[in-house]
1. Identify, by number, the condition in (1) touching a helix residue (DSSP H, G or I) at 6+ places or on another chain (Cβ under 7 Å); (2) over 20 Å from residue 238 (Cα atoms); (3) not in a helix (DSSP H, G or I) that residue 360 doesn't meet.
2. Could you please give the count of residues in the range 155-172 that are out of contact with any helix residue (DSSP H, G or I) (no Cβ under 6 Å at 6 or more places or on another chain) and either surrounded by fewer than 20 Cβ atoms within 10 Å (Cβ to Cβ) or in a loop (DSSP other than H, G, I, E, B) (or both)?
3. Identify the single condition in (1) outside any helix (DSSP H, G or I); (2) modelled with pLDDT of 95 or more; (3) out of contact with any helix residue (DSSP H, G or I) (no Cβ under 6 Å at 6 or more places or on another chain) that residue 124 does not satisfy, given that it satisfies every other one.
4. Being over 30 Å from residue 381 (Cα atoms) and either in the same structural domain as residue 30 (by TED's automatic domain parsing) or free of Cβ contacts under 8 Å to residues at least 24 places away in the same chain (or both) is the filter here, so list the residues in the range 163-205 that pass it.
5. Could you please find all residues in the range 392-401 being over 23 Å from residue 235 (Cα atoms) and out of contact with any strand residue (DSSP E or B) (no Cβ under 6 Å at 6 or more places or on another chain)?
């Protein structure tokens, strides 16, 4: 089947870079693009005339939340309450348990994946909070998630998250990591089993990867074993690292080296490594404030940094800086890591944070962020057929409406989208030639029913914090309202 999508603005790929075509079209057949450029006549099985829209490559989110949002709860609190968001040592020792049943967990996954689709994400690598599980993710959970992802039509780079330890708060209020090394080894075995599953599945929309949790929750032995498995199987590894000062302190106390040095020592630092956040290197003012070589180490290894500007901003931190990392030769890609999974808002936040960090209006131009959301993600995945609209590339594309009166007047369509719009203006999304979003809806998904189920599960997740809190405070004590409440509480949504 040959499909043509036409719009007032189309971001095509020519001579190694994105180029904006005014009055353009994308033609795809089966799963591949056969033409992207100015309007041409032709014979098509379906033609979509989208008018005042911007058609771009599908967005690539490499730290994509596939959980119910927790940032809405934990990004506001003072220190005395934030301790309650971690496991207590007592909970680790005696009471750890799953908050959701396996069936409920799949509802959470579906809710999150539909959110990704509606926000223009065509390719994703998942992240989910391990706080709400008895330990980490299972093989069976990711098999179910893969099935849901295939049903919706997204392109996923998947694997069960695993770890050797968990961040805990002790009776004295000190933060530490409590270890259960056998569970870490079992988790890697489950991850390898999932790699075998994806090979047998042989679906181009499901690629197996290794997704260990946070660097401070892994033993050095598990990190080395992960590096060995990735090398022998030639798969990608994503590991949250260089993320915060607590992580840096815990690693230095346990191993006597920095997190970056530990990545080198265990063999993980390579072109197959994706590092979400990557902020706490020597250049960061909270570390040394000047470059002593960390940027060159990252660039020489070929590792990719998954920049999550909106999440960093909401937790009160910033990358130092996007432009500096790019200038050092580091591949930059993007992640959302929170709700909403809106890379348009994320890019806009990143552009303006960079202005503050570097003290210049052009510190991180819009086009560099858009490159990171498309071409940078494709480079991190070693997939030159993604992140671009050109003949031979995968038919992954997104259409953003620019027709909303609230978006104001139009100048450059990409800058106008980032400054005045959001990913909620997505009207159509195509992955591998399949229409995943059409006219703002996901075919086959009852959005009101799914939202209602997610709201119920969110309430259970919220209440479960009390069980883990060192002081066993209620959810209302941990998460008080912005203003005092009066009257009955409403948790349902109108049809």
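The values are calculated or read from the model by the stated rules, or taken from the named source; none is laboratory data. Please read all numbers here as calculations on a predicted model, not as lab measurements. Don't worry about glycine lacking a Cβ; one is built from the backbone with ideal geometry, like all the others, and counts go over all protein chains shown.
1. (1)
2. 2
3. Every listed condition holds for residue 124 apart from (3).
4. 172, 174, 182
5. Answer for the range 392-401, where residues must be over 23 Å from residue 235 (Cα atoms) and out of contact with any strand residue (DSSP E or B) (no Cβ under 6 Å at 6 or more places or on another chain): just 392.
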